[in-house]
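Here the structure is laid out as structure tokens; the discussion comes afterwards.
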Amino acid sequence: MRSVSRKLMFSRIEREVDSVSRRYRAYDRTVLRRLDDLADLMDIEVHYGGVSGAAARMTMGPGGFVLRVNERDRDTPTGRFSIGHELGHYWLHRRHAMDARCSVDDMRTWHSSRTLETEANAFAAAFLLPSLLVEEALDGQAPSMDIVRSLAGDFGMSLTATAIRLVRLSEEPCAVVVATAGSIDFVIRGDDFWPWIESGVPLHPSTLAYDCHALGRLARSDQEPVAAFAWLADRRLQNAKWELLEHTCFSPRLGQTLSLLWARDLPFEDELDEEENDDVE
């Protein structure tokens, strides 16, 4: 039920983003690069500074809405995403109070019960990484962190936001896993990635992500096959014959790994059910 409601939420946000993007012709990289001007067209003034202790803030002033972003984030992927996040609040949550500070943690709320922040982040990713342009870039290419890095560079976005957007738009069965200090923080699965991955548990020693945390540096830069059981909780996939592809990057500053998992050769769930039934018979 929860996954269904989340799909409905993201579908609603995609429709809102599509409406806003068409209204302001924000399907072009050049337009999206000039976020201050784009916000101005929406009658929102963007200012840098004046948000001590926060990443960004949207307020209603005498002359209209004012969007403030931390000065240190000017002209950075973090600053761009902060603007996109506050625009998400503007377009999705104007019925709620608009005088609230958004923290760095709010900008990292991708999979949480804190619905308003999750929605604002989903809006930011969809608005700043338009589905049409991302799908064009993905056409015919296998999902990997190389594609994530290329898209992030083209659109001025963080690797995490870009990887999550790729997973949600890819036709391949993919998932993103973020882990800090050797434990899984959260998982974002694409529509076709059916197996379950547990959050809040230690990384399995057979994963590339585990090696990064153990070494304190990037262990291997290439996409590599790993045992499916190292990531997946389904008991039917505990057989060593099943593998998935893992591509992991590591941030020493955050002590955090970002892993893109591609279940290229895994069977569909109903195929496993049939196989299990055959074994019983």
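Overview of values
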| quantity | calculated |
| --- | --- |
| Using θ = phi - 60° and Karplus 6.51 cos²θ - 1.76 cosθ + 1.60, couplings along the stretch 153-158 (whole Hz; Gly, Pro as x) | x, 5, 9, x, 10, 6 |
| The stretch 60-106: C-alpha gyration tensor shape, a/c 1.5 cut-off, then a/b vs b/c | prolate |
| Between 0 and 90°, nearest 10: helix 269-280 axis offset from the chain longest Cα axis | 20 degrees |
| Dipole in debye (nearest 20) - the chain, about Cα centre, beta carbon charges: Lys, Arg +1; Asp, Glu -1 | 1680 debye |
| Nitroxide proxy distance, nm - points 7 Å out along Cα→Cβ at VAL104 and ALA240 | 4.2 nm |
| Net dipole in debye of the stretch 28-133 [+1 Lys, Arg Cβ; -1 Asp, Glu Cβ; about Cα centre; nearest 20] | 180 debye |
| Selection from ILE44, ILE188, PRO225 lying farthest towards where the dipole of the chain points positive, charges on Cβ | ILE44 |
| Computed label-point distance, nm, for sites ASP265 and ASP191 using a 7 Å Cα→Cβ extension | 2.7 nm |
| Amide H contacts under 5 Å for PHE193, placed H, 5+ residues apart | CYS174 |
| Cα-based shape type of the stretch 132-272, given that a ≥ b ≥ c are square roots of the gyration tensor eigenvalues and the cut on a/c is 1.5 | oblate |
| Cβ-Cβ FRET estimate between MET9 and GLU224, R0 fixed at 30 Å, reported to 0.05 | 0.35 |
| Under Karplus coefficients 6.51, -1.76 and 1.60, residue-wise ³J(HN,Hα) of the stretch 209-220 in Hz, glycine/proline x | 4, 4, 4, 4, 5, 5, 8, x, 7, 5, 7, 9 |
| Helix 115-128 axis, angle to the chain major axis (alpha carbon atoms, nearest 10°) | 80 degrees |
| Integer Hz, Karplus 6.51/-1.76/1.60 couplings in order for the stretch 66-78, x for Gly and Pro | 10, 10, 10, 10, 3, 4, 5, 9, 4, 6, 10, x, 5 |
| Within a Gaussian network of the chain (alpha carbon springs, distance under 10 Å), most fluctuating of ALA214, ALA26, ALA263 | ALA214 |
| Choice from ASP18, ASP75, ASP185 showing the highest fluctuation, given a GNM over the chain with Cα pairs closer than 10 Å | ASP75 |
| Highest-MSF residue in the chain out of THR115, THR257, THR207 [GNM, Cα springs under 10 Å] | THR115 |
| Inter-label distance, nm, simple model (7 Å from Cα along the C-beta direction), SER52/SER131 | 4.4 nm |
| Student exercise, the stretch 89-212 dipole from Lys, Arg, Asp, Glu Cβ charges, in Debye to nearest 20 | 480 debye |
| Given charges at Cβ of Lys, Arg, Asp, Glu: the chain dipole, positive-most of GLY79, ALA161, CYS174 | GLY79 |
| Under-5 Å amide H pairs with GLN256, H placed in peptide plane, nonlocal only | SER251 |
| Distant-in-sequence amide H partners of ASP185 (H built 1.01 Å from N, under 5 Å) | VAL178, ALA179, THR180, GLY200 |
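No lab work stands behind these numbers, since they all come straight from the coordinates. Here the structure is a predicted model, which means the values were calculated and not measured. Reconstructed Cβ throughout: ideal geometry from the backbone, glycine too, with neighbour counts over all protein chains shown.
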